[in-house]
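Values in this text are rule-based calculations from the coordinates and carry no lab data. Bear in mind the structure is a predicted one, so any value in this text is a computation, not a measurement. All Cβ positions, even for glycine, are placed from backbone atoms using ideal geometry, and neighbour counts span all protein chains on display.
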Amino acid sequence: MEWLARTEAMEGSLYMSGTAGSPSVGAEAAWRGLSALCSHRGDRPTGAQLAAQIARDATASQSMLAIRNFLHEILVDARNDPDGDRVVADVSELFTELQATTLTAILRAEGEPIRRGEFVEAAALRLSVPSLLRVSASLASALDRPYPGPVRGCVKRLAHRAIALPPPANEQVEEILRTLARRLFLQWTTAKRAYTSQAFETIVDKPEKRIAGRATPEAERVVEMAIECDCLGGAVWAALHEVVEEGGVARVIDMVKTAPDGCDAAAAIMKRIGTASELRTLLRAEPFDGAAVDALLRGMGISAANVLLEELVESTARLTRRYLMERLAKFGPQIAGLVEGRLKDQRWFVQRNMLALLRAAKCPAETPLTVKFLQHRDARVRREAVLWCMETPTMRDEALVAGLSDRDPSVLRPALQASRSLLPGAAVPALAKRMLDADFPPEFRVLSINLMARSGSVLALEALLHYAQNGKTLMGKPRLAPKSPEMRAALSALARSWSNERRAGELLHQARRSRDSEVVAAVEQIREEVAA
Amino acid sequence: MNTDVRNAGRTDEALRAPAPADWRTPEEVEAVAWIHAQVAAGRRLPVLEAETVVDLVFAERRWGGRPLIPLVPVQDINGFLAVQAVNVASLAMALAESLQFDDAAVRRVGVAALLHDIGMVKLAPSILSKPDQISPEERAEVVRHPIEGARILLAADASLDLAAVVAYEHHLRMDGSGYPHLAYPRSAHYVSRLVQLCDVFCGLYSPRPYRVAWPLDIILSFLAERAGFEFHPTLTVALASLVQHHVSLHAAAMT
């Protein structure tokens with residue numbers, strides 16, 4: 001037998017007790033007896049003889065440990081042994097013959113707790129019913145477990161029914177008894193798990209699978225009851241897990257929303273389902289349930305920001321992105337760090353969205369990053385950078401300079417519009433330079449001219465002349481540019497601020513002499529205004 | 001039909017074995033009383049021990065000729081709670097078996113029935129044993145027992161979801177009345193209805209300090225009158241069939 005070979009190899013070490021190195025007579029005799037028990041020899045010892053041999057060494061813990069290990073091996077090997085039933089019957093007889101103190105000593109013997117657990121589990125599955133009762137009583141005693149008399153009486157009566165009932169009822173009851181014994185043994189022999197936060201997490205995150213059937217309440221019912229009672233437990237977490245698995249997050253959120261005030265269970269449930277994965281699932285659900293997401297977000301707080309950002313980056317649906325932007329913006333400046341981290345993404349649309357979000361969340365644009373994005377190669381990114389920076393007072397001028405210098409109309413437009421209220425001096429050279437460019441968009445010219453006129457800067461003169469004058473005549477006099485809105489605007493601006501300047505004066509003189517009443521009006525109207 | 005049987009003065013023992021002269025409290029009742037004491041003392045519910053009792057009741061039901069309601073009630077209130085728990089478990093398991101529940105489900109029903117009133121152990125003994133009408137304040141305490149029961153069971157073990165639901169719902173009626181108040185309106189679970197019916201049946205079948213036990217025919221009439229309003233109609237019919245079957249077996253055994 002396999003166990004025999006293994007245990008023979010251990011002989012002389014484990015099976016020693018008393019004086020170091022000298023084999024215990026009792027243990028050795030018991031060892032020989034157990035070996036004989038498993039043999040096919042005719043002179044096998046009886047249970048009573050063997051019990052007596054084991055009892056001789058009952059005070060030696062090491063010997064009792066060895067005996068227990070033997071017995072475990074025997075019970076395990078008997079499953080595959082053609083003679084296994086006979087061996088188990090003999091071992092069962094041995095257990096009924098053992099004195100309670102000896103049996104307790106065997107069970108109490110020190111060693112790895114898991115080995116004792118394996119032994120009692122094997123005993124629960126294999127030993128005869130009377131032996132099982134003896135083991136259970138001794139085990140309770142060995143472990144100082146509360147095993148109240150009435151419960152012991154119930155187990156005894158169960159054992160009696162397992163023996164006395166006619167088939168197949170006896171087999172059914174025996175099965176119940178063995179399962180019960182195994183569970184009792186395991187409960188007793190397993191070290192009591194401390195109710196640590198780690199254990200709690202296990203219960204919450206990996207709850208036991210619920211049994212399906214007529215005698216199982218619907219998971220949603222259990223969750224509802226938990227909130228109504230304001231109580232939690234393994235059953236609630238298992239039910240909650242099932243509801244969530246089946247896509248019922250929105251329903252749970254509804255429950256939590258309508259929970260009684262101050263319900264701790266509802267808060268804990270919200271915290272449990274308020275996870276990144278649940279939020280992600282909801283965000284990707286079709287159809288999109290904004291109310292459910294909002295409820296989840298209220299529970300998750302800022303911890304939801306990263307998931308929202310991920311979805312903002314990856315979502316291809318414009319409406320979803322808009323929703324995400326709005327929700328993220330509500331977090332305010334506290335999300336600046338998270339968003340700036342996402343700016344490392346090189347994709348233009350990611351950077352654009354992140355910059356737009358920083359602006360919407362009213363995050364101050366005071367980081368070195370901003371300058372980099374004002375000069376970004378993609379106009380869509382530059383536009384958002386300009387818009388964001390313009391809202392930070394310390395960055396406004398720099399943003400306007402960048403925006404007014406930009407060759408892309410989509411960047412220039414917001415910069416010009418922002419300059420309506422106040423064109424800072426620092427921005428005048430940029431706009432003046434830009435206005436001289438051939439590709440300066442016509443739709444911005446009038447506005448730019450008006451802004452320059454109001455700035456009063458010397459630099460504005462060249463830009464205004466550029467739009468009002470078209471070279472010189474053969475006589476060397478300035479020639480008016482062809483009539484256009486920007487030409488009239490430039491004339492007006494020159495009339496308002498530069499009428500005393502020589503070149504401007506000459507041009508204005510030409511304008512007053514023009515046959516076109518609109519051109520004349522552009523100059524005269526300003527003169528009248530100034531006079532008034 | 002007149003169901004006022006307070007003065008009926010007889011007990012129909014067709015479903016219960018007569019108490020022998022040397023009668024002593026059976027182990028399952030003692031075990032349940034011990035379980036109640038553990039919970040009353042604020043300890044965790046001993047789940048395995050409760051399951052042991054149910055396993056025993058389950059095994060006993062396979063013992064030929066066993067009565068449908070096995071135990072003789074006692075007058076002491078603590079003893080009554082334990083006896084009532086075992087009786088309700090036995091009857092509920094029998095009813096579940098008659099409704100073709102599988103064995104595992106029958107035992108789950110048994111555990112739920114055994115523990116359905118576990119919240120009562122949190123009540124003051126003075127309320128439990130009061131022979132007179134209870135005051136409104138005391139009633140407010142009493143109607144909390146389903147909530148207390150559900151809390152005890154939810155906190156005890158993940159396997160007790162059905163037991164917790166039954167403990168919570170066993171005073172909800174078919175017409176929506178009863179208690180506790182549900183924040184999320186719903187009808188009670190089928191097994192809650194089943195246990196509720198067995199609880200009422202066993203309660204009426206037992207004598208109390210303030211009344212005698214009701215005769216079987218009157219109990220069945222009482223339940224039938226309230227079927228559909230208070231009790232589940234098809235379960236009421238099933239229980240009546242089960243009871244009548246046992247009565248006829250008892251009558252045959254007598255002859």
Which value in nm describes the separation of the simple spin-label points at A:Leu125 and A:Glu326, placed 7 Å from the Cα toward the beta carbon?
6.0 nm
Could you work out how far apart the two model spin labels at A:Asp294 and B:Ser177 are, taking each label as a point 7 Å from the Cα in the direction of the beta carbon, and quote it in nm?
4.0 nm
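Between A:Ala276 and B:Asp102, what FRET efficiency follows from the Cβ-Cβ distance if R0 is 30 Å, with the result rounded to 0.05? It would help to have the intermediate numbers written out before the result.
Details: r = 40 Å, r/R0 = 1.33.
Here the calculated transfer efficiency is 0.15.
Name the helices (complete DSSP H segments) of chain B with a Cα length along the long axis of 20 Å or more and a Kyte-Doolittle mean of at least 1.0, or state none.
Taking the DSSP H segments of chain B (at least 20 Å long, mean hydropathy at least 1.0), we get B:77-98, B:190-205.
Could you tell me the relative contact order of the stretch A:472-532? Use alpha-carbon pairs under 8 Å, at least six residues apart, and round to a whole percent. Before the final figure, lay out each step's value.
Details: 50 pairs, mean separation 20.6, N = 61.
Reported as a whole number, the value is 34 percent.
Compute the relative contact order of chain B as a whole-number percentage, counting only Cα pairs closer than 8 Å that sit 6 or more residues apart in sequence.
Details: 350 pairs, mean separation 59.9, N = 255.
Computed value for chain B: 23 percent relative contact order.
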Net charge, A:Glu524 excluded, C-beta distance under 13 Å - Lys, Arg +1, Asp, Glu -1:
+1
Name the most mobile residue of B:Leu162, B:Leu154, B:Leu68, meaning the one with the largest mean-square fluctuation, in a Gaussian network model of chain B with Cα contacts below 10 Å.
B:Leu154
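Using a 10 Å cut-off on Cβ to Cβ distances, tally the other chain neighbours for every residue of B:47-55 and report the average as a whole number. Please report the intermediate quantities before stating the final value.
Working: counts 2, 7, 9, 1, 5, 14, 4, 2, 9.
Taking all residues of B:47-55 together, the mean is 6.
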Distance histogram for the stretch B:27-254 (every C-alpha pair counted, 5 angstrom bins, percent rounded to whole numbers):
1, 7, 14, 20, 22, 18, 11, 5, 1, 0, 0
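In this model, which of A:Lys156/A:Lys209; A:Lys372/A:Lys433; A:Lys433/A:Lys477; A:Lys271/A:Lys330; A:Lys330/A:Lys372; A:Lys433/A:Lys472 are farther than 28 Å apart at the alpha-carbon? Intermediate values should be presented prior to the final figure.
Details: A:Lys156/A:Lys209 32 Å; A:Lys372/A:Lys433 22 Å; A:Lys433/A:Lys477 25 Å; A:Lys271/A:Lys330 20 Å; A:Lys330/A:Lys372 26 Å; A:Lys433/A:Lys472 22 Å.
Violating the 28 Å Cα-Cα cut-off are A:Lys156/A:Lys209.
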What nm distance separates the two modelled labels at B:Phe229 and A:Thr59, each placed 7 Å from Cα along Cα→Cβ?
7.7 nm
Per DSSP H run of n ≥ 4, the term is -39500 (n - 2.57); total these for chain A, divide by its residue number, and report the mean residue ellipticity at 222 nm rounded to 500 deg cm²/dmol.
-20500 deg cm²/dmol
From the mean inverse distance of alpha carbon pairs (Kirkwood) and the Cα radius of gyration, derive Rg over Rh for the stretch A:319-430.
0.97
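Within a 10 angstrom radius of each residue's Cβ in B:177-184, how many Cβ atoms of other chains show up on average? Whole number is fine.
Values: counts 0, 0, 0, 3, 1, 3, 10, 12.
The mean count of partner-chain Cβ atoms within 10 Å per residue comes to 4.
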What angle do you read, to the nearest 10 degrees and between 0 and 90, between the alpha-carbon axis of helix A:318-329 and the longest principal axis of chain A?
80 degrees
Which residue, B:Leu216, B:Leu45, B:Leu56, has the most motion in a Gaussian network model of chain B that connects Cα atoms within less than 10 Å?
B:Leu56
By counting other Cβ atoms within 10 Å of each Cβ, how are A:Thr320, A:Thr394, A:Thr101 ranked from fewest to most?
A:Thr394, A:Thr101, A:Thr320
The stretch B:178-255: mean projected area of Cα convex hull, nm²:
6.5 nm²
In degrees, nearest 10, the alpha-carbon axis of helix A:61-77 is tilted away from the dominant principal axis of the alpha carbons of chain A by 80 degrees
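Can you sort B:Met120, A:Met225, A:Met300 by how many other beta carbons sit within 10 Å, fewest first? Could you put the intermediate results ahead of the total?
Numbers: B:Met120 23, A:Met225 32, A:Met300 20.
Fewest to most other Cβ atoms nearby, the residues stand as A:Met300, B:Met120, A:Met225.
Before rounding to the nearest 500, sum -39500 (n - 2.57) across all DSSP H runs of length at least 4 in chain B and divide by the residue total; then give [θ] at 222 nm in deg cm²/dmol. Each step should come with its number before you reach the end.
Values: 11 runs with 144 residues, N = 255.
Taken over chain B, the calculation gives -18000 deg cm²/dmol.
So, counting K/R as plus one and D/E as minus one, what does the shell of residues with Cβ under 13 Å around A:Thr102 add up to? Don't jump to the answer; show the numbers that get you there.
On the way: positive: A:Arg56, A:Arg68, A:Arg108, A:Arg134; negative: A:Asp57, A:Glu97.
Taking every other residue near A:Thr102 into account, the sum is +2.
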Amide N of the stretch A:380-398 lying under 20 Å from the label point, which is placed 7 angstrom from the Cα of A:Leu422 along Cα→Cβ
A:386-398
Rounded to a whole number of µm²/s, how large is the Stokes-Einstein D of chain A at 20 °C and 1.002 mPa s, given Rh as the Kirkwood radius over C-alpha pairs?
66 µm²/s
Per chain A: cysteines with no other Cys C-beta under 4.7 angstrom?
A:Cys38, A:Cys154, A:Cys263, A:Cys363, A:Cys389
Test of understanding: in a Gaussian network model of chain B with alpha carbons linked when under 10 Å, which of B:Asp132, B:Asp103, B:Asp217 would top the mean-square fluctuation ranking?
B:Asp132
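Looking at the stretch B:97-166, I'd like the Rg to Rh ratio, where Rg is from alpha-carbon atoms and Rh is Kirkwood's inverse mean 1/r.
Details: Rg = 14.7 Å, Rh = 13.4 Å.
Rounded to two decimals, Rg/Rh equals 1.10.
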To make sure I understand, if each residue's beta carbon is the centre and we count other beta carbons within 10 Å, what order do B:Val39, B:Val143 fall in, fewest to most?
B:Val143, B:Val39
Report relative contact order for the stretch A:344-418 in percent, whole number only (criteria: Cα-Cα under 8 Å, sequence separation at least 6).
27 percent
Longest principal axis of chain A (C-alpha) makes with the long axis of helix A:264-273 (C-alpha) an angle, in degrees to the nearest 10, of 70 degrees
A:Asn470's amide H: which non-local residues (gap 5+, or another chain) put their own amide H closer than 5 Å, with H modeled 1.01 Å from N in plane and none for Pro or chain starts?
A:Arg479, A:Leu480, A:Ala481
